[in-house]
1. What does the charge dipole of the chain about its Cα centre add up to, to the nearest 20 debye, if the Cβ of each Lys and Arg holds +1 and the Cβ of each Asp and Glu holds -1?
2. Diagonalise the Cα gyration tensor of the chain and give the resulting equivalent ellipsoid semi-axes, square root of 5 times each eigenvalue, largest first, whole Å.
3. Using a 1.4 Å probe over the heavy atoms of the protein chains, calculate the carbon and sulfur portion of the accessible area of the chain as a whole percent.
4. How are the Cα pair distances of the stretch 32-87 distributed, in percent, across 5 Å bins from 0?
5. Counting only pairs 8 or more places apart or on different chains, how many lysine pairs in the chain have C-alpha atoms closer than 24 Å?
6. Over the Cα atoms of the stretch 1-71, how large are the radius of gyration and the largest Cα-Cα distance (Dmax), in Å?
7. Nearest 5 percent is fine: what portion of the DSSP beta bridges confined to the chain is antiparallel?
Amino acid sequence: QVQVVESGGGLVQSGGSLRLACAASGSIFSIDAVDWYRQAPGKQRELVAARTSGGSTNYADSVKGRFTMSRDTTKNTVYLQMNNLKPEDTAVYYCNIWVYISRWSKNDYWGQGAQVTVSS
């Protein structure tokens, strides 16, 4: 069983920075792919960042150049560094992590969500 705990949300002013973290715990062989989503009130869920197990990364145009993914494999933790935040970044952010629970089996797990609010 794997649990993912998400943290790092908060309230910041325009131009500020936050770093979200998703820490996975439990029976983990390795972390595979990582996706970050956000959902703002009245809007559909948006994929903002994605990283494959091979290291390929993609960012939504709306966050490109401002958001950066990283990971600490020793802690089974993934991060989303968010710089130069704008009011339109206000949303609940979710990580989705594909985790190998053995050498041949993997499943995806969601963080509980982190509220990011950017004031103007």
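1. Computed about the Cα centre, the dipole is about 120 debye.
2. Result for the chain: semi-axes of 26, 14, 12 Å.
3. Of all accessible area on the chain, carbon and sulfur atoms account for 46 percent.
4. 4, 16, 28, 25, 16, 8, 2, 0
5. Lysine pairs meeting both conditions in the chain amount to 4.
6. 13.7, 39
7. 90
The values are calculated or read from the model by the stated rules, or taken from the named source; none is laboratory data. Predicted model, so just to flag it, every value in this text is computed and none were measured. Glycine gets a Cβ as well: all are built from the backbone with ideal geometry, and neighbour counts include every protein chain shown. All accessible areas refer to the heavy atoms of the entire protein, side chains included, with ligands and DNA or RNA removed. Shrake-Rupley method; radii C 1.70, N 1.55, O 1.52, S 1.80 Å.
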